[in-house]
1. Given 98, 108, which one is more than 26 Å from residue 30 (Cα to Cα), in contact with a helix residue (DSSP H, G or I) (Cβ under 6 Å, 6 or more places away or on another chain) and part of a helix (DSSP H, G or I)?
2. For residue 84, which of the numbered conditions (1) exposed (fewer than 12 other Cβ atoms within 10 Å of the Cβ); (2) within 30 Å of residue 49 (Cα to Cα) fails to hold?
3. Here is a list: 120, 97, 113. Which entry is within 33 Å of the chain's Cα centre (by Cα) and at pLDDT below 95?
4. For region 52-78, which positions are free of Cβ contacts under 8 Å to residues at least 12 places away in the same chain and either closer than 30 Å to residue 21 by Cα or crowded, with 16+ Cβ neighbours inside 10 Å (or both)?
């Protein structure tokens, strides 16, 4: 009996490689987005912790320095928010690419499964026909005796 050979196997292999690449890109984008989120939270925590020192300020110079430091942190927070938005947008793009590549691969997987079922059905039909021919041959041989 001949073995099953899927005609689009090379295409399926290629789609699987593309899907793996898209998974890696998605994971990389996810890690980057999480790092940006962590950075934002870090600056927010620093700002919140710094506010506790407001009541310890004694001179106007201390107050000015503290005010500039808070402004600096506000700029860092705004910058981190912007980076987080961009990272989230990039993550969404990578997610859509991964979904598309997975869908493409699944289509070929379904085609392969269908082709395999058709092949097995055809093989079973041929085997049954061969068995019927043997049975008929045996019957004819017995009838001639």
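The values are calculated or read from the model by the stated rules, or taken from the named source; none is laboratory data. The shown structure was predicted, so the numbers you read here are calculated from the model rather than taken from an experiment. Don't worry about glycine lacking a Cβ; one is built from the backbone with ideal geometry, like all the others, and counts go over all protein chains shown.
1. 108
2. Just one mismatch for residue 84, condition (1).
3. Numbers: 97 fails: at pLDDT below 95; 113 fails: at pLDDT below 95.
The unique qualifying residue is 120.
4. none
Residue-wise test of (1) within 30 Å of residue 107 (Cβ to Cβ); (2) touching a helix residue (DSSP H, G or I) at 6+ places or on another chain (Cβ under 8 Å); (3) part of a helix (DSSP H, G or I).
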site: 19; (1), (2), (3): yes, yes, yes
site: 29; (1), (2), (3): yes, yes, yes
site: 34; (1), (2), (3): no, no, yes
site: 39; (1), (2), (3): no, yes, yes
site: 43; (1), (2), (3): no, yes, yes
site: 68; (1), (2), (3): no, no, yes
site: 80; (1), (2), (3): no, yes, yes
site: 83; (1), (2), (3): no, yes, yes
